[in-house]
1. Quickly work out the Ser887-to-Leu469 label distance, labels modelled 7 Å from Cα along the C-beta direction, and quote it in nm with one decimal.
2. Quantify how much of the Cα-Cα distance distribution of the chain extends past 39 Å, in percent.
3. Taking the Cα centroid of the range 460-476 and of the range 321-400, what is the distance between the two, rounded to the nearest whole Å?
4. Among Glu667, Glu462, Glu551, what is the fewest-to-most ranking by other Cβ atoms within 10 Å?
5. Compute the semi-axes of the equivalent ellipsoid of the range 270-534, taking the square root of 5 times each eigenvalue of the Cα gyration tensor, and list them largest first in whole Å.
6. Quick check: the angle from helix 480-491's long axis to the longest principal axis of the chain, C-alpha only, nearest 10 degrees?
7. Which shape class applies to the range 196-314: rounded if a/c is under 1.5, otherwise prolate when a/b exceeds b/c and oblate if not, where a ≥ b ≥ c are the square roots of the Cα gyration tensor eigenvalues?
8. Just to confirm a number: summing +1 for Lys and Arg and -1 for Asp and Glu over residues other than Ala758 whose beta-carbon lies under 12 angstrom from that of Ala758, what do you get?
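Please treat every number below as a calculation from the coordinates, not as lab data. Source: prediction; values computed, not measured. Glycine gets a Cβ as well: all are built from the backbone with ideal geometry, and neighbour counts include every protein chain shown.
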Amino acid sequence: MPPSFLLVVIVALPFLFALVAAALPANARNAEAWLSGALTLGLLTLAIAFYPQITDGGVVRYEIEWLPSLGLNLIFRLDGFAWLFCVLITGIGFLVVLYTRYYMSPKDPVPRFFGFLLAFMGAMLGLVTAGNIIQLAVFWELTSLISFLLIGYWYHRSDARDGARMALIVTATGGLALFVGLMIIGHIVGSYDLDVILASGDLIRNHELYNVALILMLLGAMTKSAQFPFQFWLPHAMAAPTPVSAYLHSATMVKAGVFLLVRFWPVMSGTDGWFWIVTFAGLITLMIGAYAALFQRDLKGLLAYSTISHLGLITTLIGMGSPLALVAAIFHIANHATFKASLFMAAGIIDHETGTRDIRRLSGLYKFMPFTATLAMIASAAMAGVPLLNGFLSKEMFFTETAEFDPNAFVNLALPIGATIAGMFSVAYSIRFVHGVFFGPPPTALDRVPHEPPALMRRPIELLVLICLAVGIIPGITIGPYLAAAVVSVLGDETPYYSLSVWHGFNLPLIMSIVALIGGGVLYLAFYRYLNGERDGTPLLHRFRGQRIFEKVLVTVTWRWARALNGLFGTRRLQPQLLIIIALAVLVGALPLWNRIGSLVMPVTPFDPVFAFMWLVGGACALAAAYQAKFHRFAAMILLGGAGLVTCMTFVWFSAPDLALTQLVVEIATTVLILLGLRWLPQRLPTRESDATVLRDRLRRYRDMVVALAAGIGLATMSYLIMTRPALDGIASFFLENAYGLGGGTNVVNVMLVDFRAFDTFGEIAVLGVVALTVFSLLRRFRPARESIAKPQQQLVQNAFDSDQPDRNPGDTIAAYLLVPSQIMQWLFPVVITVAVYLFMRGHDLPGGGFVGGITMSIAFILQYMAGGTRWVEDRLRILPVIWIGSGLGIALLTGAGSWLFGFPFLTTYFQYADIPLIGRVPLATALLFDLGVFMLVVGSTVLILIALAHQSVRSPRAARGTRSAPPATAQASEGAR
């Protein structure tokens, strides 16, 4: 493997270790911390090792072919800017892991925490190293999902649940907009490869869809980075544990939005739309965040609003469109990560050692924890932009860029004035953090006696503060080369000259810094009484609470509008829903053909009386099933099975044995499962209907018949047109000619499923597994009304065949029919299993395959269930369907990924002939392994649905007695599903 393959390792290892960490015992806090710490330190070492390759604009790239025909390959790409983020993600991640070891209580589910944290780290690393924009969008949404789990880690608290839900809704909605925007960009360029897109700036900016793509992309970036008007979700994410806040708000989650803006700066910036939207959204966010931070009484709330403000500063710089402004933005991304992570950790220590984060209850802590106080004061000074600290340098560059002359008078005044005012508030809330917590009289009425934390808990803050000092004093040595690598990777030949000197002379930016420092002190003194009073809330902004607006919008959309639409289109009955779906399908299918009806050529084939009679029987069964559905469900199911059998015979008639075989086994399995499902439906009670009710019911049935006939005739017409075309027209000729040469099989249908269209099949079996899990989850706790299933067997038989019963129970009928042949069904078990294996093995060359074999094997289990009940399946042949589903999906996935080891795209099939003793020359193909995954997943899904539907349908007398909470058969079924 080339060294670039390590990029895949860097992204994949956090997910693998997340599973290991989550599986550790609950009391193994040291083991989880050691595991996570070793991983993050190793990842940091790997990232640093790539530095020589990414200097001077170098790019490390590793590509895995996924769907090359569609331009969808997995590309892992590392340049200087992505490298900087990788170092921040892994470096601060390592410090957060060390800090977490001492912060989290042993009573917390620590394995789950480290599992989520490592998975989130993997998602962020995947995002910043993505070289395919679709791949970037996938990791983008993954960060939203895992951050939801991290923010809601303490799910027993309502504020954690609300904060997690708000963050997910806002960021995931923005992620969907981003995905559409990236798809548009890919359409404009004609490629989803990031390198191709970054070289197509003029093409994108001059395209008519540029503005649409820009707005959609900015929605994604601004929701993730909490920019106005989406800044309201970030403070509510403070309900997460402090290590999560330190990680998400310094180097990961909220930085993803500004990472995206910088990444696409070369191709999306330079237009009026970019400048006005990005710059002034950032400037408004900068000022609102700085103003609101001053009035927060919770330490984490103050830091949350300060994060919003600094993200606004970075966004403002990105929006200006100046290369020097972009340099300042990248510089401040790194600086903000160091001092903000240290401040969150300091706030966590204060909370951990005192029991509160309320600034009103904290004062004079310097005497109790002098080391922590000193570290927090240095980090706060860096946040305020005090000279000789890293925050001063990037803020000075920010002031320099805002002070540049602009021909637009509004811009020429708004930017420097807004930047200075925001700088004043930044100094003011930094002073409040230091003065309100560490100075003043000793604290009283605290839950705990303040004291210094364990030394190792303080080490991450010490290292981060040391970086703040080193970068602030000697920036050219400490951060200069790494900043240059990041800047050159984004700007390339447009990289301007910039200086990281601490002193640039007495100029306008220095004056702005001095005004901000002095003005911040004056602001703090001016608001001192208000800040220490009893009044709560932010002046002027307390009426415009983002949470309140969000909740009103949420209620309006998800309750009022949804309720109105549900009242208009929704119903608790399945039939009207199906009517709407089928009617819409008929309209959508008919409209494109309306103007071409006259040009459609429908050749007339010779009339065959046998085939016509067969379909008359099938049609009669279908009509009779529709009629009997009102009176007798069991009879309707039998008649529906007759129509299905005619369909199966039709496939045989037209020489489609694979379809016929599949239809036959699916018909058997689904008929039994649906019959078991009928048991859950309520019994119909005889009622006296008025003439109006009878007329309305009759009109409804006529309407349904018209829609059904339209759908059936339309589908039959389309099928007839397709089947009467010449056999080698269109795509059919390709598969017929290449099935054996490229797929190694003579059964064209199976080769299509497991080779040419294997990616579609993989998606379909994944959906089947999800459906099975959903059915089981929905029904495992559902309890229908208790039926009289424990009747004597003679009574069951009498009821089953008694025609005087107005609506016989299908469950009783099934039980009656199963009394006699139960022993025969047990004898048939090995025979059916043998047939299933035979069908599976012959599928690549003859009719059969994994799906048919899996359904056949499922029928064997269904027969045993019908003969012996769930208890037989559990005791005699223990089936764990969830394991079968997971193993089948895993085998199919690994089979597809195995082709990567040989340099071929995902799911590429390899075949050859092998000489086997006593058997002869046999064709072997890797598609057989993929088909094995299909086989196992189908078996597991069918058996899981069987357990879900049948755990109360045909019960033994012991199960019928049941318990007050749940029948024993249900307990056995649930245990078996595990």
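1. 6.0 nm
2. 56 percent
3. Going from one Cα centre to the other spans 11 Å.
4. So the residues, fewest neighbours to most, are Glu551, Glu462, Glu667.
5. Rounded to whole Å, the semi-axes are 33, 21, 15.
6. Computed tilt is about 50 degrees.
7. Working: a/c = 3.06, a/b = 2.06, b/c = 1.48.
Cα axes put the range 196-314 in the prolate bin.
8. So the environment of Ala758 carries a net charge of -3.
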